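Participant: Pasting a structure below so you can have a look.
The values are calculated or read from the model by the stated rules, or taken from the named source; none is laboratory data. Since we're looking at a predicted model, the values are computed, not measured. Every residue, glycine as well, gets a Cβ built from its backbone with ideal geometry; the counts of neighbours run over all protein chains shown. Just so you know, the surface numbers come from the protein's heavy atoms only, side chains and all, with ligands and any DNA or RNA stripped out. Shrake-Rupley method; radii C 1.70, N 1.55, O 1.52, S 1.80 Å.
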Amino acid sequence: MRLAAHIKIKDRHILNLAKLVSGPRSILYKKTDLAAYDCDGFTIEKYLPRAVVFPQNTEEVAAVVKYCSENDLPFLARGAGTGLSGGAIPINGEVIISLTRMKRLLNVDLENRMAVVEPGFVNLKLTHAIADQEYYYAPDPSSQYCCTIGGNVAENAGGAHCLKYGVTTNHILGLEVVLPNGDVIEIGKKGIPDAPGYDLLGLLTGSEGTLGIVTKITVRILKNPESKQTVLAYFDRVEDGSQAVSEIISAGIVPAALEMMDKIAIEGVEAAAFPVGHPRDIEALLLIEVDGIHAGIEEQINQILEVCRNRNVREVRAAKNEGERERWWANRKTGFGAMGAISHDYLVQDGVIPRSKLPEVLSKINEISQESGLRIANIFHAGDGNLHPLVLFDSRVPGETEKAIEAGSACLKVCADAGGTITGEHGVGIEKKEEMRFVFTDEEIMAQTAIRKVFNHDNLLNAGKLFPTPGKCAEIKQELTKA
Ligand SMILES: Cc1cc2nc3c(=O)[nH]c(=O)nc-3n(C[C@H](O)[C@H](O)[C@H](O)COP(=O)(O)OP(=O)(O)OC[C@H]3O[C@@H](n4cnc5c(N)ncnc54)[C@H](O)[C@@H]3O)c2cc1C
């Protein structure tokens, strides 16, 4: 883009970057425009970027990256900015490389069950684009109507249906990546099992935008299941709901999705955009979906109904029709945003625990809520033990934001102590980097920062994310400062 001659810009880098990206308004540099990019879905910390560029293709991404690298300018990639751990926040005044103009579906290959997309392609649009042929893209984060597949790769995003089908990494077959020096590489051998060399595809997926910028993605697509059915169950006691979760799985059923919401979460979704009339006085609800060949579905549904009845369910039934099934899911998928209907602010956490520890962990989260004086709602992918405690607070009240951060961290400690971990799908970003110490030793953190250094030698790409700030150990301190 050529900036008009009359525009006076003191920063020569802005002028140079503008020449590397084509199209109208392909660079933002005014404070008022940059303000929209000062945070992502983690709104607690905000920093202005130096500029935001909107490349249209891999060559433009590579040119911008090369320029930043040669001129010592920190930079980072951004998709839709829905990340919940602050991965796209420009904490070092980065140049943001927005991938939202690279949003084409490049190829659909039904024969080999693959599709190729640009990184800014929105997740749900892929399923919409292939629905006519009865195919779909399985990873379904609740933000799928707006988050990008590039962002999903960076965060290794999960979703309600990942219990049976796996998370993003299980659906990525190949990537084109711009390395932090501007070189472009292709990784993954498009579905060939056990390809020679290191598994760079596995390494890049979930690396939170710290190793390279993904510019093309080959994904696996799946044939629609012949049949699916969803059951809704209301429980008066969380313990009964939790036991039902374990018993469904140990009965040998692998539901496509097994979701749980507690009382406060139900209050939120019923006050938000898609209420469905859940009772407000129950302690927990389960949403259980099974899919597969038609013949097996009814038997699985009967087994699920029986497990729930044996666990003192107040009410349990299968959806009457597709419309009802969709309404139940729309209600569930608004879960996080719905907290806005009952609280001025909320902080989403993302711990993982062994399924069997659900009742114990939930009761500890309840204690944290009482000690902090903040309400904590729980929405979770119960089938795979991925909890989302939502700490409700009011940032206008002095001290409450800090209290919420402390309570969120305490929830993650409880998960780690229960044999789980600090993130299941939202990533570490800036939000949970200190909590990495709950689950990794100094040596384990060092091994990981050493990998980052191989790719991101000068640490200009998305620095200060994912790993804790240097700690007591002098050796680590030295390594982390270099990495
Ligand atoms: C209401 C709501 C519900 C959500 N539900 C879920 C859920 O169910 N499951 C789940 O997993 N997540 C969920 N999320 C979190 C978020 O949507 C995901 O992490 C998503 O993958 C982020 O995609 P994005 O395009 O918004 O990425 P961004 O937020 O723009 O970026 C996220 C990270 O990826 C990096 N990045 C982005 N694009 C690229 C690229 N092309 N190359 C390299 N790095 C890149 C960024 O630098 C940043 O570190 C939810 C968020 C919201 C707001």
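Participant: List the number of the failed condition for Ser343; all other conditions in (1) closer than 30 Å to Glu45 by Cα; (2) assigned to a helix (DSSP H, G or I) hold.
Facilitator: Failing condition for Ser343: (2).
Participant: Next up: Give the residue, chosen from Gly383, Gly429, Gly424, that is part of a helix (DSSP H, G or I), of a type in the set (Gly, Ala, Ser) and either open to solvent by less than 20 Å² (accessible area, probe 1.4 Å) or within 16 Å of the ligand (Cβ to nearest atom) (or both).
Facilitator: Gly383 is the lone residue from the list that is part of a helix (DSSP H, G or I), of a type in the set (Gly, Ala, Ser) and either open to solvent by less than 20 Å² (accessible area, probe 1.4 Å) or within 16 Å of the ligand (Cβ to nearest atom) (or both).
Participant: Which one of the conditions (1) more than 15 Å from the ligand (Cβ to nearest atom); (2) at negative phi does Ala330 fail to meet, given that it meets all the rest?
Facilitator: (1)
Participant: State yes or no: is Phe438 open to solvent by 30 Å² or more (accessible area, probe 1.4 Å) and among the aromatic types (Phe, Trp, Tyr)?
Facilitator: Considered against the rule, which asks whether it is open to solvent by 30 Å² or more (accessible area, probe 1.4 Å) and among the aromatic types (Phe, Trp, Tyr), Phe438 comes out as yes.
Participant: Enumerate the pairs (first residue in region 26-50 and within 21 Å of Thr401 (Cβ to Cβ); second residue anywhere and in a strand (DSSP E or B) and open to solvent by 50 Å² or more (accessible area, probe 1.4 Å)) with beta-carbon separation below 6 Å, excluding pairs fewer than 6 apart on the same chain, so at least 6 apart or on different chains.
Facilitator: Listed by first residue and then by second, the contacts come to nothing, as the list is empty.
Participant: Quick check on my filter: what residues within region 141-151 are among the hydrophobic types (A, V, I, L, M, F, W, C) and either buried (at least 20 other Cβ atoms within 10 Å of the Cβ) or more than 13 Å from the ligand (Cβ to nearest atom) (or both)?
Facilitator: Those that are among the hydrophobic types (A, V, I, L, M, F, W, C) and either buried (at least 20 other Cβ atoms within 10 Å of the Cβ) or more than 13 Å from the ligand (Cβ to nearest atom) (or both): Cys147, Ile149.
Participant: Inspect all residues belonging to region 425-445 and state whether any of them is touching a Phe, Trp or Tyr at 6+ places or on another chain (Cβ under 7 Å) and among the hydrophobic types (A, V, I, L, M, F, W, C).
Facilitator: yes
Participant: Working carefully through the options Val254, Val307, Val361, find the one that is open to solvent by 60 Å² or more (accessible area, probe 1.4 Å), β-branched (Val, Ile, Thr) and either at pLDDT below 95 or part of a helix (DSSP H, G or I) (or both).
Facilitator: Val254
Participant: Among the aliphatic types (A, V, I, L, M), within 16 Å of the ligand (Cβ to nearest atom) and surrounded by fewer than 14 Cβ atoms within 10 Å (Cβ to Cβ): which single residue out of Ala36, Ala80, Ala88 fits that description?
Facilitator: Ala36
Participant: Would you check which residues across region 232-249 are closer than 30 Å to Tyr137 by Cβ and surrounded by fewer than 24 Cβ atoms within 10 Å (Cβ to Cβ) and list them?
Facilitator: Within region 232-249, Leu232, Ser246, Ile249 qualify.
Participant: Is region 158-167 home to any residue that is closer than 23 Å to Arg452 by Cβ and more than 10 Å from the ligand (Cβ to nearest atom)?
Facilitator: Within region 158-167 (the criterion being closer than 23 Å to Arg452 by Cβ and more than 10 Å from the ligand (Cβ to nearest atom)), the answer is no, since none of the residues qualifies.
Participant: Here's another thing I want to ask about it. Sort out which residues of region 91-111 are open to solvent by 50 Å² or more (accessible area, probe 1.4 Å), in a loop (DSSP other than H, G, I, E, B) and in contact with a Leu (Cβ under 9 Å, 6 or more places away or on another chain), and write them in order of number.
Facilitator: Asn92, the sole residue that qualifies.
Participant: Hey, another quick one. Please verify whether Ala154 is more than 23 Å from Glu289 (Cα to Cα), more than 8 Å from the ligand (Cβ to nearest atom) and in contact (Cβ under 8 Å) with a residue 12 or more places away in the chain, treating the condition exactly as stated.
Facilitator: No: the conditions fail for Ala154.
Participant: Follow-up. Determine whether region 3-15 contains at least one residue that is part of a helix (DSSP H, G or I) and either within 19 Å of Leu175 (Cβ to Cβ) or open to solvent by less than 40 Å² (accessible area, probe 1.4 Å) (or both).
Facilitator: yes
Participant: Considering only region 205-251, how many residues are β-branched (Val, Ile, Thr) and closer than 22 Å to Leu106 by Cβ?
Facilitator: Counting residues in region 205-251 that are β-branched (Val, Ile, Thr) and closer than 22 Å to Leu106 by Cβ gives 8.
Participant: Out of region 196-219, which residues are open to solvent by 20 Å² or more (accessible area, probe 1.4 Å), more than 10 Å from the ligand (Cβ to nearest atom) and touching a strand residue (DSSP E or B) at 6+ places or on another chain (Cβ under 6 Å)?
Facilitator: Leu200, Leu201
Participant: Among the residues of region 180-195, is any within 14 Å of the ligand (Cβ to nearest atom), out of contact with any Pro (no Cβ under 8 Å at 6 or more places or on another chain), open to solvent by less than 20 Å² (accessible area, probe 1.4 Å) and without any contact (Cβ under 8 Å) to a residue 60 or more places away in the chain?
Facilitator: Yes, there is a match, as at least one residue in region 180-195 is within 14 Å of the ligand (Cβ to nearest atom), out of contact with any Pro (no Cβ under 8 Å at 6 or more places or on another chain), open to solvent by less than 20 Å² (accessible area, probe 1.4 Å) and without any contact (Cβ under 8 Å) to a residue 60 or more places away in the chain.
Participant: When you check Ile44 against the structure, is it modelled with pLDDT under 95, open to solvent by 40 Å² or more (accessible area, probe 1.4 Å) and over 28 Å from Gly83 (Cα atoms), yes or no?
Facilitator: Judged against the criteria, Ile44 is not a match.
Participant: Is it the case, given these coordinates, that Glu176 is more than 9 Å from the ligand (Cβ to nearest atom) and in contact with a His (Cβ under 6 Å, 6 or more places away or on another chain)?
Facilitator: no
Participant: Only one of these conditions is not met by Glu289: (1) in contact with a Pro (Cβ under 9 Å, 6 or more places away or on another chain); (2) open to solvent by less than 10 Å² (accessible area, probe 1.4 Å); (3) in a helix (DSSP H, G or I). Which number is it?
Facilitator: Here Glu289 meets the rest and fails (3).
Residue by residue, here is whether (1) assigned to a strand (DSSP E or B); (2) crowded, with 21+ Cβ neighbours inside 10 Å; (3) not small (Gly, Ala, Ser) holds:
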site	(1), (2), (3)
Arg325	no, no, yes
Ala330	no, no, no
Gly337	no, no, no
Ile379	yes, yes, yes
Pro398	no, no, yes
Ala407	no, yes, no
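Participant: Every residue in region 50-75 that is in contact with a strand residue (DSSP E or B) (Cβ under 6 Å, 6 or more places away or on another chain) and within 12 Å of the ligand (Cβ to nearest atom), please.
Facilitator: Within region 50-75, Val52, Thr58, Val61, Val65, Phe75 qualify.
Participant: Filter region 113-140 for residues that are assigned to a loop (DSSP other than H, G, I, E, B) and open to solvent by 30 Å² or more (accessible area, probe 1.4 Å); which is farthest from the ligand (Cβ to nearest atom)?
Facilitator: Glu134
Participant: Let me ask something else about it. Determine whether Val95 is among the hydrophobic types (A, V, I, L, M, F, W, C), more than 8 Å from the ligand (Cβ to nearest atom) and within 21 Å of the chain's Cα centre (by Cα).
Facilitator: no
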